[in-house]
1. Contour minus end-to-end for Asp576 and Val422, with contour as 0.36 nm per residue of separation and end-to-end as the Cα-Cα distance?
2. How many angstrom lie between the Cα centre of the range 130-146 and the Cα centre of the range 742-764?
3. If r is the Cβ-Cβ distance from Arg761 to Glu196 and R0 is 56 Å, what FRET efficiency results, to the nearest 0.05?
4. How about the range 261-350: which chymotrypsin sites (Phe, Trp or Tyr not before Pro) there lie in a loop by DSSP and see at most 15 other Cβ atoms within 10 Å?
5. Using 7 Å Cα-to-Cβ label points, what is the Glu719/Asn233 separation (nm, one decimal)?
6. Stretched out fully, how many nm does the piece from Asp629 to Phe513 gain, at 0.36 nm a residue minus the Cα gap?
7. Of all DSSP beta bridges located in the chain, what percent are antiparallel, nearest 5?
8. Treating the beta-carbon of each Lys and Arg as +1 and of each Asp and Glu as -1, no other charges, what is the dipole magnitude of the range 290-434 about its Cα centre, to the nearest 20 debye?
Amino acid sequence: MTSAHVLGYPRIGAARELKHAVEAYWRGELDRDGLEASGRELRARHWQAQCAAGLDLVTVGDFAFYDQVLNVTTLVGAVPARFAAEEEIARGEVDLDTQFRMARGRAPSGAPAAACEMTKYFDTNYHYLVPELHEGQQFKLASSRLFDEVAEARAAGHPVKVTLTGPLTWLWLGKGREVEFDRLSLLEALLPVYAEILARLAKQGVEWVQLDEPALVQDLPAEWRSAFEFAYNALRSAPVKLLLATYFGGLGDNLQLAVSLPVDGLHIDTVRAPEQLTAVLDNLPGYKVLSVGAIDGRNVWRADLGALHERLANARMRLGERLWIAPSCSLLHVPVDLEAEKELDEELKSWFSFARQKLDETVTLARLLGNRGNDEDRARVAAATAALDARRASPRLHRPEVAQRLASIGDAERSRDNPYPVRARAQRQTLDLPLFPTTTIGSFPQTPEIRAARRAHKNGELGRDAYEAQMRDEIADAVRRQEVLGLDMLVHGEAERNDMVEYFGEQLDGYVFTRNGWVQSYGSRCVKPPVIVGDVTRPVAMTVAWSRYAQSLTERPMKGMLTGPVTMLQWSFVRDDQPREVTCRQIALALRDEVADLEAAGIPAIQIDEPALREGLPLRQGEWQSYLDWAVDCFRLTASVARDATQIHTHMCYSEFNDIIAAIAALDADVITIETSRSNMELLGAFQDFAYPNEIGPGVYDIHSPNVPEVAWMVQLMEKAAERIPVERLWVNPDCGLKTRGWTEVEPALANMVEAARELRRRY
Ligand code: GLN
Ligand code: ZN
């Protein structure tokens, strides 16, 4: 037979039960027992789903009340000192509230403390809590949760496989608290705890443990590669079988290393890296299981079961029963259940597969390869083939005019008419801005009234006219407040937008939205990424009426506000039948028309937000340049239609530019605003060293801080900026995110910011 399993299943629940339970617990509306009970119920349900689908093993260890990496961090007792958990660690039981304090800074019990850093897990939109490490750190088995969950699953009669972040990837994802140091120096102290965990699992009757080591699909320094050998040699005597799981890409130059580690099985991702299958087959020692990740764990498309069956027949022939079938990675990254989509039309539904459906696909593929296919399996293959044939032929996918337009785009459409210095002169004339012009990043407080109106409008309780009238009032209010504050370049405030991707996706053809397609982003937070199903076009202008109205209210320049093509792509599920860059160019052309229309409507400045540009970087550095090339190209396609006098802004909310500064400069935006307040202007060094030629607005205060920033503080920061960037090219603005604040915080802070700009003008 061919075994079927998954690397992990979404824990959030089809109706986001986990979110609701955890948040109720945080609010004090659900007690600890209630929270634990809801966790148990979800686990039981998810194991039952795996069992009912016919998987040969159910996966334990993928559940977390907050984050699976944090689970390992507490399991090995790596709780930073400020959470005062020494006693809990000594007792071997880190409390759930301690975990919550590590994740969010506070919990129903225990003293608040600064939360641990959170960042994206590899190239996904899932955020994990960064293990905080320090030199000489000690580890100790400090939680029994995992073992309790194993006991639960076994009590329910399931054949259990345990999943756990592997020791190297856990260290790889970690960071020195204050100072960076050699994290590998901790390996020797860490391994005995892993060995202890494995031994305890073996005692519970667990046969297989899957150690997730996706670090193996990245560029690893030589010491890290040898550390893999060292670590897995040390763990080889563990009384369980180890499945080394790699995903999100190909093993590349780590292939020899990965196949030769002394473990009992290897999982590879053949969705992202189909080409590695043959090389792995050729090199895999004869005793090892190979788990082939053939079903896409990162996207929502239905699998082509017939084609996969054919493609894997050779692997089955070579491996026999040593072939296992699985999704490419944990199903954490896809929505839970397609059946919950009651409003999606049947055609679209027939193209998709969510986590629950991917279980069936995995089982069917495994049964077919193991010559155990039954009528149900054959029916599933036939249905998949029919749906995919229909999808390929569907007019919803292809609009010939889109391909034609893309083909007709040449170099002229990829550059502004003139270089920046010429444009800057034209812009100075139309905009008439002072030195150190002030602006904001686009959004203003999404007040309870705004949210209530949008909800009522969506539910059909508030008609379109009334809703729009209310949004216009909000815009007018925001414009008035900005004028009173004395800001130089205004924004309309984005009152009408729910979310920066959804708002545009809803108005573009080629995008579809699910009702329930929630995916965990971090902790209790879920996102519902839109799905790009077909060629993207813009039937009508999307933002022009709002921006024109806002501009009509003021003499000051109004900045139009768009989400850039790379971010529109990155934060969506993307079609798998053409390269990502083609889809991105289509979005770019649609947005280009919006830029042209905004300009024609008299909007003198347009901001194209690209917060996701950096996170789109491939996991392998060797692939960075080709990604950056097309990402930059897409931005330029969007922006270059603007005349010289129209000022193009872009915005990126992060603070690491050193390695992509050339690409940032190649965007050729007239102004870039970035997040700097917390880095003391040091990150401007990257711009200075590169001799970045255009204008920059470094955020001068952290909008998340509850304190009103002081004038002198912001003046001093901008003086630091002026040491690095010529003052004629500096803007004064906050970091992004004002929509998450209230006006009572925003107004005094911006008043001080405007005062700081006035003071700077006196000094320079
Ligand atoms: N214009 C958006 C805002 O101000 C930008 C959001 C972002 O950078 N993520 O909210
Ligand atoms: Zn931002």
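The values are calculated or read from the model by the stated rules, or taken from the named source; none is laboratory data. Worth saying up front: this structure is predicted, and the values here are computed from it rather than measured. Cβ coordinates were reconstructed from backbone atoms using ideal geometry, including for glycine residues, and neighbour counts include every protein chain displayed. Note: accessible area is taken over every heavy atom of the protein model, side chains too, but ligands, DNA and RNA are not part of it. Shrake-Rupley method; radii C 1.70, N 1.55, O 1.52, S 1.80 Å.
1. That works out to 51.3 nm of additional length.
2. 44
3. Result of the calculation: an efficiency of 0.30.
4. Tyr287
5. The two pseudo-label positions are separated by 5.8 nm.
6. So the chain would gain 38.8 nm between Asp629 and Phe513.
7. Once the DSSP bridges in the chain are tallied, antiparallel ones form about 15 percent.
8. Value, rounded to 20: 600 debye.
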